[in-house]
Amino acid sequence: MTNRTFTILAVLAAAMFLYAPFMIVAAPYESTMGLVQKIFYFHAPIGMVMFLSSFVSGIASARYLFGKRASADRAALAAAELTVLFGLIVLVTGPLWARKAWGVWWQWDARLTSALVMWLIFLAYLLLRKYGGPGSDRLAAGVAIFGAANAPFVYWSVNVWRTVHPKTTVVPTLQSGMREPFWFCFVAFVLLYVLLLAMRMGLEHRRAELETLYLETQG
Amino acid sequence: MTFAATVWLITRKDLLIEARSREILYTTIFFAVACVLVFAFGFVREGRAVTDAAAGILWIAIAFSGTLALGRAFERERQNETLRALMLAPVDRPALYVGKLLGVLILLALVEIVLVPLVALMFQAPLFQHIWLMLGLLGGGTLGFAAVGTLFAAMLVRARSRDVLLPLLLYPMTIPVLIAGVRGTAALLQADVDEPMARAWVAMLAFFDVVFITLALWTFEPVMTE
């Protein structure tokens, strides 16, 4: 991504995030849940981006493992870090809503449990990369592939188990006033995700270059 | 050498080494028994276990002792750099994986032969009433757990802080297997036995096993190549 496109996209993302609260305020009031339902416009898109990110990390890891391209490894690492970051936001905003809607902070429900499990898998990925020593990038790639492969189980589990979490089928059936802010927020978060991913990959790229330069001066 | 012959050679080698000292088998069995005891203190009230405790304790004991056995089995390969020697051998890499997996499975099966009757005895759990479904759950669950565990334990042989990283990676990754195992067992242990439910979980386990083993066979070679 060139600096120019990056700047344009960054400005666009900032504008979207500034406008999003106005759209959310204007959206119709949900009759049973009331004000707390508004967190849905942040919580659900971030959750979707989190799963998207775990797929990005898994696919990039597979490309690194079988194609041996260093850039794929950088993408996998950046996506894994963002999975953990977005996962943390999901796991914080979820209980905030649940406390009002269900009366408890946490339910051992399929969707919640599996989001937590996905988060833990990618946290373990980061721990492995940090403390695994030399060669841990290939090992971590194996972990990310398994983690991403686990995600569909996570998604299906909600339909297999009886669950209290609102089903994913709620998204296509949203009424018109709610649909627009939801997809608007989704696009905004995807944009934010892409920007963060590009930034993190650029940082990793520079670090690798610096290391090569350092080795050259040493040798 | 054919695939099956290689697998058998690896498994036989592991079992032979284990049969000479029986170190992993004895320590793992004792560890599993200690696990059951510790959890019993947590889940027994007024002389009776809380609902579903037996199913949970059984699978936690399997997961914990399985991690221990996996770690020990590959520690043995690390001490004399024998895993590297294995990787240098001109044989199919997936055959190495399947060979190690079989060795671990046989070890865990021996542990379960002691563990399952013990849980049945101590928690008055009718684990043997639906013997085929129970065997399906145990077999499917152990296979899924060991399939992921063998791959990760083999990977981590080269890594630092491998002792703590193995459970860190293994437990979240095998959660679907453990849930299926616990819920399936609980369905068989409750007052009115829910056979269709247990059968559904056995099918789910079979599905997980196929996915995990395929992925492990696919990733074993590139992950293990230095």
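Looking across the range A:79-91, the residues that are more than 14 Å from chain B (Cβ to nearest Cβ) and either of a type in the set (Gly, Ala, Ser) or under 17 Å from A:Gln37 (Cβ atoms) (or both) come down to A:Ala79, A:Val90. Given the structure, is B:Pro167 touching a residue at least 40 places away in the same chain (Cβ under 8 Å) and more than 8 Å from chain A (Cβ to nearest Cβ)? Judged against the criteria, B:Pro167 is a match. Screening B:Cys35 with (1) surrounded by 14 or more Cβ atoms within 10 Å (Cβ to Cβ); (2) free of Cβ contacts under 8 Å to residues at least 24 places away in the same chain; (3) under 16 Å from the mean Cα position of the chain (by Cα) gives one miss only, at (2). Annotation for the range B:150-158: at least one member residue is closer than 30 Å to B:Glu77 by Cα, within 14 Å of another protein chain (Cβ to nearest Cβ) and surrounded by fewer than 21 Cβ atoms within 10 Å (Cβ to Cβ). Counting only residues that are in a helix (DSSP H, G or I) and at the interface with chain A (Cβ under 9 Å from one of its Cβ atoms), how many does the range B:208-226 have? The number of residues fulfilling the criteria is 11.
Considering only the range B:7-66, state which residues are among the hydroxyl-bearing types (Ser, Thr, Tyr) and either touching a Gly at 6+ places or on another chain (Cβ under 6 Å) or not in a helix (DSSP H, G or I) (or both). Hits for the range B:7-66 are B:Thr11, B:Thr51. The test for being out of contact with any Cys (no Cβ under 7 Å at 6 or more places or on another chain), of a type outside the set (Gly, Ala, Ser) and buried (at least 16 other Cβ atoms within 10 Å of the Cβ) holds for B:Val223.
One residue is enough: does the range A:119-128 have a residue meeting the conditions outside any loop (DSSP other than H, G, I, E, B), modelled with pLDDT under 85 and more than 9 Å from chain B (Cβ to nearest Cβ)? No: the range A:119-128 contains no residue that is outside any loop (DSSP other than H, G, I, E, B), modelled with pLDDT under 85 and more than 9 Å from chain B (Cβ to nearest Cβ). All conditions in (1) part of a helix (DSSP H, G or I); (2) in contact with a Phe, Trp or Tyr (Cβ under 9 Å, 6 or more places away or on another chain) hold for B:Gly149, with the sole exception of (2). Evaluation of B:Asp194 against the conditions (1) at pLDDT 85 or above; (2) surrounded by fewer than 18 Cβ atoms within 10 Å (Cβ to Cβ) shows that the sole unmet condition is (1).
Is it fair to say B:Thr150 is closer than 16 Å to B:Thr11 by Cβ and in contact with a Lys or Arg (Cβ under 6 Å, 6 or more places away or on another chain)?
Working: closer than 16 Å to B:Thr11 by Cβ: yes; in contact with a Lys or Arg (Cβ under 6 Å, 6 or more places away or on another chain): yes.
In short, yes.
Inspect all residues belonging to the range A:50-67 and state whether any of them is among the aromatic types (Phe, Trp, Tyr), without any contact (Cβ under 8 Å) to a residue 60 or more places away in the chain and not in a helix (DSSP H, G or I). Break it down into steps so the answer makes sense when it comes.
Going through the range A:50-67, the residues among the aromatic types (Phe, Trp, Tyr) turn out to be A:51, A:55, A:64, A:66.
Restricting the remaining residues to those that are without any contact (Cβ under 8 Å) to a residue 60 or more places away in the chain gives A:66.
Right, trim to not in a helix (DSSP H, G or I) and you get none.
No: the range A:50-67 contains no residue that is among the aromatic types (Phe, Trp, Tyr), without any contact (Cβ under 8 Å) to a residue 60 or more places away in the chain and not in a helix (DSSP H, G or I).
Determine, yes or no, whether B:Arg183 is facing chain A (nearest Cβ under 10 Å) and part of a helix (DSSP H, G or I). Answer is yes for this residue. Mind listing just one residue for me: the one in the range A:129-146 that is part of a helix (DSSP H, G or I), facing another protein chain (nearest Cβ under 7 Å) and of a type outside the set (A, V, I, L, M, F, W, C) and, of those, farthest from A:Ala60 (Cα to Cα)? Applying the filter and picking the extreme gives A:Tyr131. For the range A:1-36, the tally of residues that are β-branched (Val, Ile, Thr) and under 17 Å from A:Arg179 (Cβ atoms) stands at 2.
Only one residue in A:Leu35, A:Leu96, A:Leu120 is hydrophobic (A, V, I, L, M, F, W, C), more than 26 Å from B:Tyr171 (Cα to Cα) and without any contact (Cβ under 8 Å) to a residue 24 or more places away in the chain, so which one is that? Reasoning before the result, please.
Details: A:Leu96 fails: without any contact (Cβ under 8 Å) to a residue 24 or more places away in the chain; A:Leu120 fails: more than 26 Å from B:Tyr171 (Cα to Cα).
Of the residues listed, the single one that is hydrophobic (A, V, I, L, M, F, W, C), more than 26 Å from B:Tyr171 (Cα to Cα) and without any contact (Cβ under 8 Å) to a residue 24 or more places away in the chain is A:Leu35.
Is the range A:157-175 home to any residue that is modelled with pLDDT of 80 or more, within 13 Å of chain B (Cβ to nearest Cβ) and either under 30 Å from B:Pro196 (Cβ atoms) or within 17 Å of the chain's Cα centre (by Cα) (or both)? No, there is no match, as no residue in the range A:157-175 is modelled with pLDDT of 80 or more, within 13 Å of chain B (Cβ to nearest Cβ) and either under 30 Å from B:Pro196 (Cβ atoms) or within 17 Å of the chain's Cα centre (by Cα) (or both).
Screening the candidates A:Ala20, A:Ala15, A:Ala27 for the property of being touching a residue at least 24 places away in the same chain (Cβ under 8 Å), surrounded by 11 or more Cβ atoms within 10 Å (Cβ to Cβ), closer than 19 Å to A:Tyr193 by Cα and not aromatic (Phe, Trp, Tyr) yields one hit, A:Ala20.
The single condition among (1) without any contact (Cβ under 8 Å) to a residue 40 or more places away in the chain; (2) acidic (Asp, Glu); (3) within 20 Å of B:Leu101 (Cα to Cα) that B:Asp192 does not meet is (3). As a summary of the residue check, B:Leu115 satisfies the conditions (1) within 14 Å of another protein chain (Cβ to nearest Cβ); (2) touching a residue at least 24 places away in the same chain (Cβ under 8 Å); (3) crowded, with 22+ Cβ neighbours inside 10 Å except for the one numbered (1). Do we have A:Ser71 as crowded, with 21+ Cβ neighbours inside 10 Å, in a helix (DSSP H, G or I) and over 14 Å from the mean Cα position of the chain (by Cα) here? No. Checked against the criterion of being surrounded by 17 or more Cβ atoms within 10 Å (Cβ to Cβ), modelled with pLDDT of 90 or more and in a helix (DSSP H, G or I), the range A:102-118 has no qualifying residue.
The set of residues from the range A:49-70 being modelled with pLDDT under 90 and more than 14 Å from chain B (Cβ to nearest Cβ) comprises A:Phe51, A:Ala70.
The values are calculated or read from the model by the stated rules, or taken from the named source; none is laboratory data. These figures come from a predicted structure and were not determined experimentally. Positions of Cβ are generated from backbone atoms using ideal geometry, with glycine treated the same way; all protein chains shown enter the neighbour counts.
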